[in-house]
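S.K.: Here it is, the structure in full.
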Amino acid sequence: YYVRHRVTLTSQQNPAQNTRLYLQSAVSAPFAQIYQDNTGGSRLYMERILPSESFSHLLSYPYNGSFMSMSMLAPGHYIVAWHEGSLIRYRLFHQSTGIMSATRQFTASPIEADDPVDLTPSVAYSRNGRIGILYLFNKYRTPTLDDPPCTARVVNSNIYLTVLNANGVIIPNGESTFFNITQKEKYVCLNGGTEGSPQYWYPRIVPVGQDSFGLVWQEHYAGNNFDKISYAVYKTDGTSAAYKDIEGASDVNKHITPAATGLADGRFMIGFVNYTGPSDPYQLRYSVINTSAEAVIDKEVINGANSKEIDIAQLPDGKVIFTWTSLASGWVAYAMLAADLFTEATTARDLTYEDHPGHSNYRSMGGSSV
């Protein structure tokens, strides 16, 4: 019914210090993962896990990157992207031929020498064969006279989209191959935000319909103590309407930490946490967005969820599962919607297990993925 692998980590300097991890899969099925390996110098690997054996493929050595993301383009065909320096780097891999493409790279705009950046990519594959890479583009610098009064560094934050073909080649579109979704020009002080100048977090991208991507991210206004979720629907040729918001109302009504999943009918779902104040602080809510970027289901509540770290996915039968880490118990919890996306198929409940007989749920709080 499941496969579990136990890993024990022991200190070489003090063997009495050790910790134990349990990696568990509900179904013994092939999957692929990417990871950083620091043995003999930092390297980035992709590994395919099969029922009988596994194969590792070196993606980058040396590896000085972060924020890795991977998507399956077709069975056995993958794209892996990561942030390194001031660049997004990516490679494609064909499992059947064993061919790994050369590493390609891009950046969204010219970078001044003293401007370190964050790029944070998220990758998805459209049904028409296009690849979308959505990424956070933060530029940092010391304040100038044109910036708001600030005793720390300032940052200019935007969300960008780049579209590739199935071979990993960036698709030209008029004057630019990079789409600045948010188009913010102001810099904001890192130790106190400027009104109207947000920082962007948690970029997410999912396929929508036959030829579009659903884009989702969080907008954070430090000076106003205010957060909201924004989204857009972009066709793979770069055409789109302006992005829209799922807004919070005040400093006790914030929308944070979005997750997203494409739906089989061509729409997509956004899950997010709604902070509503001390009485019911972290509600789990969701909205369903159609291909015209209209919210056809708006801010529905998953009853009984009290969470921060969430994930969602649609199952083959149309149901949608939500997972989160419960702030009340510290355990992973889940709930399931029926295929109508309104009815609860499974009410919110903790995921309990025994790591050995009579010893249940021995783990610290963390995130979940589904």
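The values are calculated or read from the model by the stated rules, or taken from the named source; none is laboratory data. Since this is a predicted model, take the numbers as computed values, not measurements. Note: ideal-geometry Cβ built from the backbone for every residue, glycine included; neighbour counts use all protein chains shown. The protein model used for the area step is the full one, side chains on, heavy atoms only, and it has no ligands, DNA or RNA in it. Shrake-Rupley method; radii C 1.70, N 1.55, O 1.52, S 1.80 Å.
S.K.: Please list the radius of gyration and Dmax for the chain, considering alpha-carbon atoms only, with Å as the unit.
M.R.: That works out to 21.5, 65 Å for Rg and Dmax.
S.K.: So, R0 is 35 Å and r is the distance between the beta-carbons of L23 and V296; what FRET efficiency does that work out to, to 0.05?
M.R.: FRET efficiency, L23 to V296: 0.35.
S.K.: Over 17 Å apart: what share of the alpha carbon pairs of the stretch 1-91 falls there, rounded to a whole percent? Walk me through the numbers on the way to the answer.
M.R.: On the way: 2548 of 4095 pairs.
Cα-Cα pairs in the stretch 1-91 separated by more than 17 Å: 62 percent.
S.K.: Given the whole protein assembly as supplied and a 1.4 Å probe, what does the accessible area of W331 come to in Å², nearest 10?
M.R.: Ignoring ligands and nucleic acids, W331 comes out at about 80 Å².
S.K.: Can I ask one more? Within the chain, what whole-number % of the accessible surface is contributed by carbon and sulfur, with the 1.4 Å probe and all protein chains included in the calculation? Working shown, then result.
M.R.: Details: 9140 of 18350 Å².
Heavy-atom surface of the chain belonging to carbon and sulfur, 1.4 Å probe: 50 percent.
S.K.: At a 10 angstrom cut-off on C-beta neighbours, averaged per residue, how do the peptides 306-315, 266-275, 92-101 rank from highest to lowest? Mind dumping the intermediate values first?
M.R.: On the way: 306-315: 19.3, 266-275: 23.1, 92-101: 13.6.
The most tightly packed comes first, giving 266-275, 306-315, 92-101.
S.K.: Specify the residue with the greatest mean-square fluctuation among S292, S157, S54, computed from a Gaussian network of the chain linking alpha-carbon atoms under 10 Å apart.
M.R.: Taking springs between Cα atoms under 10 Å, the residue moving most is S54.
S.K.: Hey, in the GNM for the chain with a 10 angstrom Cα cutoff, which one of L134, L145, L44 fluctuates hardest?
M.R.: L145
S.K.: What distance in nm separates the two pseudo spin-label positions at D37 and T142, each 7 Å out from Cα along the beta-carbon direction?
M.R.: For the pair D37/T142, the computed spacing is 4.2 nm.
S.K.: Comparing S122, S329, S197, which has the greatest mean-square fluctuation in the GNM of the chain with Cα pairs linked when under 10 Å apart?
M.R.: S329
S.K.: For the chain: lysine pairs with Cα atoms under 13 Å, gap of 8 or more or different chains, count?
M.R.: 7
S.K.: Further, regarding this structure: Averaged per residue, what accessible surface does the chain expose to a 1.4 Å probe, in Å²? Please report the intermediate quantities before stating the final value.
M.R.: Values: 18350 Å² over 370 residues.
Accessible area per residue, the chain: 50 Å².
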